[in-house]
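Each value in this text was obtained by applying a stated rule to the coordinates, not by laboratory testing. In this text the structure is predicted, and so the values were computed from the model without any measurement. Every residue, glycine among them, receives a Cβ derived from its backbone with ideal geometry; neighbour counts consider all protein chains shown.
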Amino acid sequence: MFLALLAFMIFLAPAQSDLLSPEKLENIDHGMVAMLNGEWERAYEVFENMHRHDQTDPAGYLFRASVKQAEMIDREENLYGASFFALLDSVARFAEQRLISCSKRDSALCYLYIGHQYAYRSIWEARFGSKLAALGDGFKAKGWYRNGIEIDSSLYDLYLGLGTYHYWKSVKSGLLRTVGLFKNERDQGIREIRLAVDSSLFSRDVARSELIWVRLHEREYDRAIELCRTMLARFPDGISFRWPLAEAYYKSEQYDRAVEEYQVIFDRVKANPGNYYNVVEAAYWLYHALDKSGANARAGEILEFVNQIRADIPKNIRRKQRGRLWSLRRQGK
């Protein structure tokens, strides 16, 4: 009788992890490589195939949403809106269903996925919606990450989300931190992001990308440059690593190198201007890098180009970039 009961309990016991097999981790890695190289269609295809294999796995929805978000951020344009949020709704729904009965590791993963979908909402709101909504979604994301760590602190991917929250709310909260509504957890945030870089299952490269922006904000330009160059060696087509590299060169007064990087960015965005936000951004910084390096003739060409495309820039983008456009126009007088 005892052996029969033991066999029955083993049969009912959840596996250590149904959500992460070696094959699934390999698929995630392939999709992440494509995404960090800016190969949006290829990345989406990889994660779509993963979704078809198990349509109840919240990861299939989350990673497809991550591709849509990465492309929207890259192009500074709300390209997907409703379909993006539909994927996030599915992440939460299927993760909550899994939480009813699953292993310790899968519970932590579900908390991670739910936290991520709130974090994605927060990022979308910060760029295209309400700053207040972004703050609220950030709070919710933090709570789910903490729940995950309480369940399984060895899932180090959770520390990327928590560290990102702790760092940026500490350095951006300003008056709210001064009056005591927010604690200064900047150093803790950096440690947590570093932990994700060193030990996470599938978040290491995303954590490195986040660490680049932290190094820039901390004015640790040499460290930011080193990390950017490491990432570009791995993801040579990833323009998202050239922006911080160019910025680090510019802010460390290495203007000739800043020109090289901004020129690459400028040529790339001119070929696919989209809503022209990035064209204006690249032109602005390339002009100033050229001006600082003494290349006055080339700087003048940038001003002429911006004047030529001004009528093509949508009104909402001219409004968002009015400071850059006004500055460039003033330089041309």
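Could you give each residue of region 80-91 its phi-based ³J(HN,Hα) in whole Hz, using Karplus coefficients 6.51, -1.76, 1.60 with θ = phi - 60°, and x for Gly or Pro?
Per residue, the Karplus-derived 3J(HN,Hα) values read 10, x, 4, 5, 5, 5, 5, 5, 5, 4, 5, 4 Hz.
Based on alpha-carbon centroids, what's the gap between region 268-283 and region 187-248 in Å, whole number please?
23
Using a Förster distance of 35 angstrom, determine the FRET efficiency expected from the C-beta separation of VAL171 and ASN49, and round it to 0.05. Can you show the working numbers first?
Details: r = 39 Å, r/R0 = 1.11.
The pair VAL171/ASN49 has a calculated efficiency of 0.35.
Please report how far the C-alpha centroid of region 313-333 lies from that of region 93-119, rounded to the nearest whole angstrom.
If we compute the Cα centre of each part, the gap is 45 Å.
May I ask you to order 52-65, 89-102 by the average number of other C-beta atoms within 10 Å around their residues, highest value first?
Numbers: 52-65: 20.2, 89-102: 17.1.
Most protected by this proxy first, the peptides run 52-65, 89-102.
Grab the DSSP H runs of the chain that are 4 residues or longer, score each as -39,500 (n - 2.57), total them, divide by all residues and round the 222 nm result to the nearest 500 deg cm²/dmol. Before the final figure, lay out the partial values.
Numbers: 18 runs with 258 residues, N = 333.
Result for the chain, helices only: -25000 deg cm²/dmol.
Angle between the Cα long axis of helix 204-217 and the longest principal axis of the chain, 0 to 90 degrees, nearest 10?
40
How do 308-317, 32-41 rank on mean C-beta neighbours within 10 Å, highest first?
Values: 308-317: 12.4, 32-41: 19.0.
Highest mean packing first, the order is 32-41, 308-317.
Within region 109-146, report the trypsin sites (Lys or Arg not before Pro) that DSSP leaves as loop and that have at most 10 other Cβ atoms within 10 Å.
none
Is region 236-333 rounded, prolate or oblate when judged by the Cα gyration tensor, a ≥ b ≥ c being the square roots of its eigenvalues, rounded requiring a/c under 1.5 and prolate requiring a/b larger than b/c? Don't skip to the answer; put the middle values down first.
Values: a/c = 1.83, a/b = 1.22, b/c = 1.51.
Here region 236-333 falls in the oblate category.
List the GluC sites (Glu not before Pro) within region 232-287 that fall in a DSSP loop (any state other than H, G, I, E or B) and whose Cβ has at most 11 other Cβ atoms within 10 Å. Numbers along the way, then the final one.
Working: sites: GLU247, GLU253, GLU260, GLU261, GLU281; in loops: GLU253.
Hits after loop and neighbour filter: GLU253.
Quick one: which residues, 5+ away or cross-chain, put their amide H under 5 Å from the amide H of GLU185? H built at 1.01 Å from N.
Amide H to amide H, under 5 Å and 5 or more residues apart or across chains, GLU185 pairs with SER170.
Using Cα-Cα distances under 8 Å and only pairs 6 or more residues apart, what relative contact order does the chain have, in percent? Intermediate results must be reported in sequence, preceding the final value.
Details: 408 pairs, mean separation 36.8, N = 333.
Relative CO of the chain lands at 11 percent.
On C-alpha positions alone, give me the angle between the axis of helix 255-271 and the longest principal axis of the chain, in degrees, nearest 10.
Rounded to the nearest ten degrees, it is 80.
In degrees from 0 to 90, rounded to the nearest 10, what is the angle of the helix 242-251 Cα long axis to the longest principal axis of the chain?
50
Given labels modelled 7 Å from the Cα in the Cβ direction, how far is it in nm from GLU253 to SER153?
4.5
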